[in-house]
Number of protein chains: 2
Amino acid sequence: MNMPTQGLPHYRKLYEILRKQITDGVFVEGDILPSENELCTIHKLTRPTVRHALDTLVNEGFIRKHHGKGSIVHKLPKGIGILSIAGTTSALGKLNLRSEILVKPIVKPWNDPFMFKLSETEINSGCIYMERIRYYNDKPIFYDINFIPNINMPRFTSRIFENRSLFDILRKNYQIEIKGGEQKIRAIEANITIAQHLSVKVGHPILHLERKFDTNRPGFFIYSSIYCNTKEQAVFGIF
Amino acid sequence: MNMPTQGLPHYRKLYEILRKQITDGVFVEGDILPSENELCTIHKLTRPTVRHALDTLVNEGFIRKHHGKGSIVHKLPKGIGILSIAGTTSALGKLNLRSEILVKPIVKPWNDPFMFKLSETEINSGCIYMERIRYYNDKPIFYDINFIPNINMPRFTSRIFENRSLFDILRKNYQIEIKGGEQKIRAIEANITIAQHLSVKVGHPILHLERKFDTNRPGFFIYSSIYCNTKEQAVFGIF
DNA sequence: ACATTTAACTTGTATATACAAGTTATTGAA
DNA sequence: TTCAATAACTTGTATATACAAGTTAAATGT
């Protein structure tokens, strides 16, 4: 479970330490972190490095900084943090999240029309397609359809996905890291397929996210179409 | 229209310059910005300062950086960038956005229950309430209800809001800057009120955003409940 | 002509230092 | 006691420098 910090840059190690202290409750909402100079002394780092770590925490919403006062721990997200990238705020509700493969990865041509504009290379190589349902507290909340360009992805369709994060597999087996992305959000009515998968009536309002993920491979993007039942659980995000 | 850059820190000035060049089309998607060292020479700055400016552009989704290659201009948001804070990506569709006051600012007690947890101070001071409709291409897209704590906000209810951004007034008249925030997102069915304001049928799926904005005043937050008709226009965001 | 090595770029990380500006606690005068 | 000035914090901005690591283009060898 713990992230190995060896090999990581110093600022990243400090970030992981502080992040864990916040998520573990060592620091709670409203607490003031040790000052930058104190962190310098404790971890034998210089202020720019410490500030780099704190800046990362600010960007991910764990803390807010106030000029002249200090770094104040921010309220932790209560809902499901799908609006942020995996491994950050979304990890918080992980214990109650279970995923189930609906359609195992298969190689297919891209849908036409597709939700985002595709490059020639992407179109020509086809995509790896998979469907998944994610349960939160044993209720189906997310029904997502994923599209991965079939470029240099050996043996992908035969890998075992149950209980493993898609992004984890991409990182460990293919050295693909998610760097960010963009998304389009709509409210739609559930059609028959969505209704069945999410256990709602046809016509039920559904949150629809269309996402495009940037990776460390230039020109290589991952696409997801996610349908959420937000009846009981809202989707949460910081900005 | 132009932002005065005098008085701003150097990194911010460079940020504004590059941001404008991107939004004006001097640099288009896929273009590589001048290297950090070139920007240093051009603007007579050092690399940490230049990097500070570039980091800000990265955080707001204008560029992506690739180790060893350079800073690549990212695709500009096409939809309505309400997921980011005002003045950044949201400014792009501004020309087609028109707002109309539905309920002029009035002092009221807070709704009970309220969408976010309120502090004692907030509850005791009451709130300034206002409703607004925003049109995109002359169609009503957003119906938003805003709550501002009635703490040290003299003459707020008598100010003129037409065609002026709420955040602009807060900044210019009360020195309140929005620093970020959090939001909850749901898909709901339009009730009679929402249906009327957004010109849709009752039961139409509506995107509901509940937002809490952080400001530079510690403990001072602004709250908005926003209903969006996403039938034709999706809401856009980067992450 | 081709493949390999090298050099010249690029961004990433890190240190050391200095001063500005906002906040809080202390000190001192009335 | 009360208020104002001061000192001692805090984070914000900025410079100067160095090396690591990824990428690309040029030079070199076969």
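None of the figures in this text is laboratory data; all of them are computed from the coordinates on show. Treat the numbers as computed from the prediction; the structure is a model and nothing was measured. Backbone-built Cβ (ideal geometry, glycine too); neighbour counts: all protein chains shown.
Go through A:K201/B:K231; A:K108/B:K65; B:K108/B:K212 and tell me which ones have a Cα-Cα distance over 23 Å in this structure. Please report the intermediate quantities before stating the final value.
Details: A:K201/B:K231 20 Å; A:K108/B:K65 31 Å; B:K108/B:K212 18 Å.
The pairs that break the limit, which is 23 Å between Cα atoms, are A:K108/B:K65.
Just grab the label-to-label distance for A:I17 and B:I42, each label 7 Å out from Cα along the Cβ direction, in nm (one decimal).
With each label point 7 Å from Cα toward Cβ, the separation is 3.9 nm.
Please report the orientation-averaged projected area of chain A, defined via the convex hull of its C-alpha atoms, in nm².
Values: hull surface 58.3 nm².
Orientation-averaged projected area of the Cα hull: 14.6 nm².
Mind checking the alpha-carbon convex hull of the stretch B:10-73 and giving the volume per residue in Å³? Write out the running numbers ahead of the final one.
Values: hull volume 4.7 nm³, N = 64.
Hull volume over Cα atoms, normalised by residue count, gives 74 Å³.
Taking H placed 1.01 Å from N in the peptide plane, check which residues at least 5 places from B:L45 or on another chain put their amide H under 5 Å from its amide H.
Placed amide hydrogens put nothing under 5 Å from B:L45.
Roughly how far apart, in whole Å, are the Cα centres of the stretch B:218-238 and the stretch B:183-210?
The stretch B:218-238 and the stretch B:183-210 have Cα centres spaced 12 Å from each other.
Quickly estimate the mean residue ellipticity at 222 nm for chain B, helices only: each DSSP H run with n ≥ 4 gives -39500 (n - 2.57), and the total goes over all residues, rounded to 500. Walk me through the numbers before you get to the answer.
On the way: 6 runs with 57 residues, N = 239.
Counting only the DSSP helices, I get -7000 deg cm²/dmol.
Once amide H atoms are built 1.01 Å from N in the peptide plane, which residues 5 or more positions from A:C127, or in another chain, come under 5 Å H to H?
The list, which skips near neighbours in sequence, is A:K108, A:W110, A:N150.
Rounded to the nearest 0.05, what FRET efficiency do B:N137 and A:R98 give with R0 = 30 Å and r taken as the Cβ-Cβ distance? Could you check? Don't jump to the answer; show the numbers that get you there.
Details: r = 43 Å, r/R0 = 1.42.
Taking R0 as 30 Å, the efficiency between B:N137 and A:R98 is 0.10.
Rank these for me by crowding, B:E29, A:E16, going from fewest to most other beta carbons within 10 Å. List each step's numbers first, then the result.
Working: B:E29 10, A:E16 17.
In increasing order of surrounding Cβ atoms, one gets B:E29, A:E16.
List the distances, in nm and shortest first, from the label point of A:R217 to the matching label points in every other copy, placing each point 7 Å from Cα along the Cα-to-Cβ direction.
Ordered by distance, the counterparts are at 5.1 nm.
Quick one: work out Rg over Rh on the C-alpha atoms of the stretch B:89-228, Rh as Kirkwood radius. Intermediate results must be reported in sequence, preceding the final value.
On the way: Rg = 15.1 Å, Rh = 15.9 Å.
Over the Cα atoms of the stretch B:89-228, Rg/Rh equals 0.95.
Once fully extended, how much extra length lies between B:E232 and B:S35, figured as 0.36 nm per residue of separation less the alpha-carbon to alpha-carbon distance? All intermediate terms of the calculation are to be shown ahead of the outcome.
Values: separation 197, 0.36 × 197 = 70.92 nm, distance 3.97 nm.
Result for the pair: 66.9 nm of gain on full extension.
Once the Cα atoms of the protein assembly as shown are picked out, what are the Rg and Dmax in Å?
Computed over the Cα atoms of the protein assembly as shown, radius of gyration and Dmax are 22.9, 67 Å.
Can you work out the FRET efficiency for the pair B:R217 and A:Y174, with r the C-beta to C-beta distance and R0 = 56 Å, to the nearest 0.05?
Details: r = 47 Å, r/R0 = 0.83.
After rounding, the FRET efficiency stands at 0.75.
Nothing charged except the Cβ atoms of Lys and Arg (+1) and of Asp and Glu (-1): what's the magnitude of the dipole of the protein assembly as shown about its Cα centre? Round to the nearest 20 debye.
Details: 66 positive and 46 negative charges, 96 e Å.
For the protein assembly as shown, the charge dipole is close to 460 debye.
Exactly which trypsin sites (Lys or Arg not before Pro) in the stretch A:122-190 are in a DSSP loop and have at most 15 other Cβ atoms within 10 Å? Walk me through the numbers on the way to the answer.
Numbers: sites: A:R132, A:R134, A:R155, A:R159, A:R164, A:R171, A:K172, A:K179, A:K184, A:R186; in loops: A:R155, A:R159, A:R164.
Answer in residue order: A:R155, A:R159, A:R164.
To make sure I understand, if each residue's beta carbon is the centre and we count other beta carbons within 10 Å, what order do B:H52, B:H208 fall in, fewest to most? Don't jump to the answer; show the numbers that get you there.
Working: B:H52 17, B:H208 23.
The fewest-first ordering by Cβ neighbours comes to B:H52, B:H208.
A:K179 label points, 7 Å along Cα→Cβ, one per copy: pairwise distances from this copy to the rest in nm, shortest first?
Relative to the other copies, A:K179 has label-point distances of 3.0 nm.
Full extension from A:R155 to A:I72: what is 0.36 nm times the residue separation minus their Cα-Cα distance, to one decimal in nm? Present the calculation step by step, with values, prior to reporting the outcome.
Details: separation 83, 0.36 × 83 = 29.88 nm, distance 4.63 nm.
The A:R155-A:I72 span can extend by a further 25.3 nm.
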